[in-house]
Amino acid sequence: MEITTGLDETIDAMRDATRAFVNGDTTKWLALCSREADATLFGGWGGHERGWAELEPRYEWASSRFGGGDVTFEELGRYGSGELACTVQLEHYSTYVPEQDGPSTMTLRVTHVYRLEDGHWRLLHRHGDHAADVWV
């Protein structure tokens with residue numbers, strides 16, 4: 001399936017923004033987010049948020065939970081049609097978390113939904129949760 005022009009660049013920019021995010025800089029991340037009332041988050045630390053008034057402070061809080069590090073991406077799928085697109089990926093983190101001594105590793109299962117808004121792809125929804133190592 002052909003992805004609408006500009007989406008690949010937005011996904012690359014989101015990955016760059018994620019690396020900045022774990023290093024305390026949310027500027028790039030926030031610039032890529034939808035400001036619409038239907039934008040949502042199911043974050044890696046639980047809970048859910050809807051609308052920019054809830055999303056912006058939650059993203060700032062989540063970024064502050066990291067003490068620097070890096071993240072790599074393992075893309076499992078990329079889909080797009082018209083004004084909506086999504087990615088399905090694993091995000092592998094090696095980062096510092098304030099409550100722990102030394103770097104920590106974790107893997108999140110992440111789905112991003114993007115929407116074309118005024119000619120720009122914006123992150124409409126993020127669902128990130130911890131990958132389980134065992135079957136339950």
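If you check residue 77 against the conditions, is it at pLDDT below 95 and more than 22 Å from residue 51 (Cβ to Cβ)?
So residue 77 does not fit the description; no.
Does at least one position in the stretch 51-63 carry a residue that is among the hydroxyl-bearing types (Ser, Thr, Tyr), in contact with a strand residue (DSSP E or B) (Cβ under 8 Å, 6 or more places away or on another chain) and buried (at least 16 other Cβ atoms within 10 Å of the Cβ)?
Checked against the condition, which is being among the hydroxyl-bearing types (Ser, Thr, Tyr), in contact with a strand residue (DSSP E or B) (Cβ under 8 Å, 6 or more places away or on another chain) and buried (at least 16 other Cβ atoms within 10 Å of the Cβ), the stretch 51-63 yields at least one hit.
Here are some conditions: (1) out of contact with any Cys (no Cβ under 8 Å at 6 or more places or on another chain); (2) in contact (Cβ under 8 Å) with a residue 60 or more places away in the chain; (3) not charged (D, E, K, R). Residue 73 meets all but one. Which one does it not meet?
Answer for residue 73: the failing condition is (2).
Output the strands (runs of 3 or more DSSP E) that fall wholly within the stretch 79-136 and possess 1 or more residues being polar (S, T, N, Q), or say none.
Answer list for the stretch 79-136: 84-96, 103-117.
The values are calculated or read from the model by the stated rules, or taken from the named source; none is laboratory data. These numbers come from a predicted model, not from an experiment. Note that each Cβ is placed from the backbone with ideal geometry, even for glycine, and that neighbours are counted across all protein chains shown.
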